Amino acid sequence: MDFLAGHAPDLLPGRRALGSGDLSSEVPHGTTIVAATFPGGVIMAGDRRATMGNIIAQRDIEKVFPADEYSAVAFAGSAGFGIEMVRLFQVELEHYEKLEGATLSLDGKANRLSALIRGNLPMAMQGLTVVPLFAGYDHDINGGRIFSYDPTGGRYEETHFYSVGSGSLFARGALKKLYREDLSETDCVTVMIQSLIDAADDDSATGGPDMLRRIFPVVGVVTADGYRRLPEDEVAALVDAAWAQRHQRPDGPAATSLT
Amino acid sequence: MSVPFYVSPEQLMRDRADFARKGIAKGRSAIALQYADGILFVAENRSPALHKVAEIYDRMAFAAVGRYNEFENLRIAGVRLADMRGYSYDRRDVTGRALANAYAQTLGAIFSSGGEKPLEVEILVAEIGAAPSDDQVYRLTYDGSIADVQGYAVMGGAADQVADYIGEHYSEGISLAGALRLAVDALGHDGTEVRQLTPDQLEVAVLDRTRTQVRKFKRISEATLETILSESRPAEEATEPADAEDKKDTADTGASAEDTPIAPPADDAPIAPPEDPDDNRPL
C-alpha cells in the first residue's frame, strides 16, 4: 500500500475527488455478516443480498472472502468499496508474505485492515461506509479470533461472536440466545444460519435463504487447516433443516432454559 | 588537466562482462528442471534464511545466483510488479514473459550505463502452464540478454560442468523424485571430485501444477527432502538395505536413478504453504 501510494496512487481508495450529498441510497449496499468462534477455529457467514435504497440490487452477492490462508474478511456497507477493500487487503497480505517470507501476525493483519478503512473515511462521511469484519485462526493461541471495526478505522476484538450490517442487531440477539462456547463446527454453522434467518425476518435489507432460487449464505470456516468455504450442498442441507423446523415454529428454536 | 585514456567500447563491454562473469562463477550453482508435474528448483545454499529461489506469483517463480543484495532487489521488484499488475487487472494477466522483459530492461540498462557496475547476477524466471509444453523458463544474464530455455537450466558456479551432467541423464517427463535425485547429483559433479550433498546444504522448491491452490509454488522442507533422497539413493547405499520390495524394479546401477520409478513420499501431495515449510497443510 505504501508502495502504491508512491507509484500508483490512482489504484488506492480514499484519494478520489468527492462530490457532495448523501449517496447512500444510490449505490449497492451489502447487509448482514455474522462471525462466531468454536473450539478449533472461527466461522464467518454472510447473507447474499445487496440493496440500493428500497431496491434489491443483487440477490447473490458474496461478502465473505478468504483474506489469506488463515483468515477471512467480510464487509457490510457500500459494495463497490467493500469489494475493492477486500481485494487490496488480500494483495497486501500476500505481498507481505512473499517479500518477507513470513506471514503477518493476526493482530498485524487486523491493524492493516484498520488503515484501509481509515483511508475510506471521506467516503464514509458521505454515506458510503464500509464496515468489515475480520476473523482468523491465531497459531499463538490455537483458536479463532474476531475483530470488528468502526467507520473511522477503530479496531475492537470481540469474544465468541459478533455481527455487522443492517440486520446485525437481530442476528446478534439470536446469537446471544443460541450460541454456546462448546458448539461443534456444524452446530456453530447452524446457529449462524439461524441468526441470519432471524436477521432477514426483521430487516428488509437482509436476504433470507432464497428457497426458490436455492441461493444460500456464504459460509467460510477457518481452522488450523486453513480457510475453507463450505460447499453449497452442505450449507443447503443445514438451511433446509432449519427452514423445515421453522414451519413448526416460525420464530426459530426456543431457548432450552429460562435461567 | 590530464587526458583520460581512450578505451574502445568493445574493450569496455568486455571488461564489464568479465567482471560480472567472474562474480557469478564464484558462487554455487542453481538448477531449474522441468519434470512431469511442474518445474523443480534446486540450489546449493547453506543458509536457511537467505533464499536463492522464491515465489513471484501464482504460477511463477524466480531463481538467482550471484550477489545476494543485487538479486534480492530484483526479486522484490518482480513481486511488486506482479502484485501490482494482478491487482490492477486480473491474476491471469500476470505473465512470465512480461516479468522477464522487465528484468531484461533493468539488467540491460545497468550493464550499458557507464556509471554503475554491472550486476553480478544471473536469474531465471519460470512459469508453469496447464501442461508441460506450456511451461516457460527464461534465463537472464547480467547484460540483460534473455533466452528461452527448454528442459533444464543451470546458473552460477561451475555451470557448464553441472549442465553437462544433467544433459547426459535428463529425459523429458521425469518424475519429481527422479528430477530431484538428478539435480542433487549434478550439483555434486561441479569439480574434479564428486561431492555428495546433504539436505541441509540444499534449497529446494517446486512449481507444482497439481496443487489445488491458486499459488503453485512450494518449498520442500529438509525433512521431506531427506525422505525423497534416501528413497532414491543410488548404487552404494541402496544395495545393503535390500528390502523385500521386488515391485520396485531395482535397476540401481549407477546413475540411472532418474528412470527408476520412485514412489513419491506420502506428504508430497497436499503441499505446504510457502510461508511455513514444515507443515503440510493445504494453502
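No value in this document is a laboratory result; all are computed from the given coordinates. Values in this document were obtained by computation on a predicted structure and should not be read as measured data. All Cβ positions, glycine included, derive from the backbone under ideal geometry; neighbour counts span all protein chains shown.
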(request) Would you mind pulling out the separation of the Cα centroids of the stretch A:99-128 and the stretch B:45-96, in Å? (result) 24 Å
(request) Consider a paramagnetic label point 7 Å from the Cα of A:E26 along Cα→Cβ; state which residues of the stretch A:33-73 have an amide N under 13 Å from it. (result) A:53
(request) Quote the FRET efficiency, to the nearest 0.05, computed for B:S113 versus B:D93 with a Förster distance R0 of 35 Å and r equal to the Cβ-Cβ distance. (result) 0.70
(message) Run the simple label-point estimate for B:S230 and B:A36 please: 7 Å along Cα→C-beta, distance reported in nm.
(response) 2.4 nm
(request) Using the number of other C-beta atoms within 10 angstrom as an exposure proxy, rank A:H160, B:H51 with the fewest first. (result) A:H160, B:H51
(message) Between A:I33, A:I43, A:I215, where does the largest GNM mean-square fluctuation fall for chain A, given springs only between Cα atoms within less than 10 Å?
(response) A:I215
(request) For a footprinting-style exposure proxy, rank B:T106, A:T206 by other Cβ within 10 Å, fewest first. (result) B:T106, A:T206
(message) Treating only the Cβ of Lys, Arg, Asp and Glu as charged (+1, +1, -1, -1), what charge dipole size does the protein assembly as shown show about its Cα centre? Round to the nearest 20 debye.
(response) 2160 debye
(request) Using the Cα centre as the reference, give the magnitude of the dipole from point charges on the C-beta atoms of chain A (Lys, Arg: +1; Asp, Glu: -1; all else neutral), rounded to the nearest 20 debye. (result) 520 debye
(message) Using Cα springs under 10 Å in a Gaussian network model of chain A, which residue among A:D68, A:D138, A:D225 shows the largest mean-square fluctuation?
(response) A:D225
(message) Sort A:98-110, B:117-129 by packing, meaning the average of other beta carbons within 10 Å per residue, with the highest value first.
(response) B:117-129, A:98-110
(request) Calculate, axis by axis, the spread of Cα positions in chain A along the three principal axes, and write the results as whole Å, longest axis first. (result) 59, 45, 35
(request) For an R0 of 56 angstrom, estimate the FRET efficiency from the Cβ-Cβ distance between A:Q248 and A:R228 and round to the nearest 0.05. (result) 0.95
(request) Quick one: divide the alpha-carbon radius of gyration of the protein assembly as shown by 2.2 N^0.38 Å and tell me what you get. (result) 1.16
(message) As a footprinting exposure proxy, order B:M84, B:M155 by other Cβ within 10 Å, with the fewest listed first.
(response) B:M84, B:M155
(request) Could you give the spread of the C-alpha atoms of the stretch B:82-159 along their three principal axes, from largest to smallest, in whole angstroms? (result) 40, 33, 15
(request) For the stretch B:116-232, give the magnitude of the charge dipole about the Cα centre (Cβ charges: +1 Lys/Arg, -1 Asp/Glu; no others), in debye to the nearest 20. (result) 540 debye
(request) Would you mind checking the radius of gyration and Dmax of the stretch A:186-245 based on alpha-carbon positions, in Å? (result) 11.8, 36
(message) Need one number: nm distance between label points at B:T210 and B:D164, each 7 Å from Cα along Cα→Cβ, rounded to one decimal.
(response) 3.5 nm
(message) In whole Hz and in residue order, list the ³J(HN,Hα) couplings for the stretch B:142-156 that follow from phi through the Karplus curve 6.51 cos²θ - 1.76 cosθ + 1.60, θ = phi - 60°; x for Gly and Pro.
(response) 3, 8, x, 6, 10, 9, 8, 9, 10, x, 8, 8, 10, 10, x
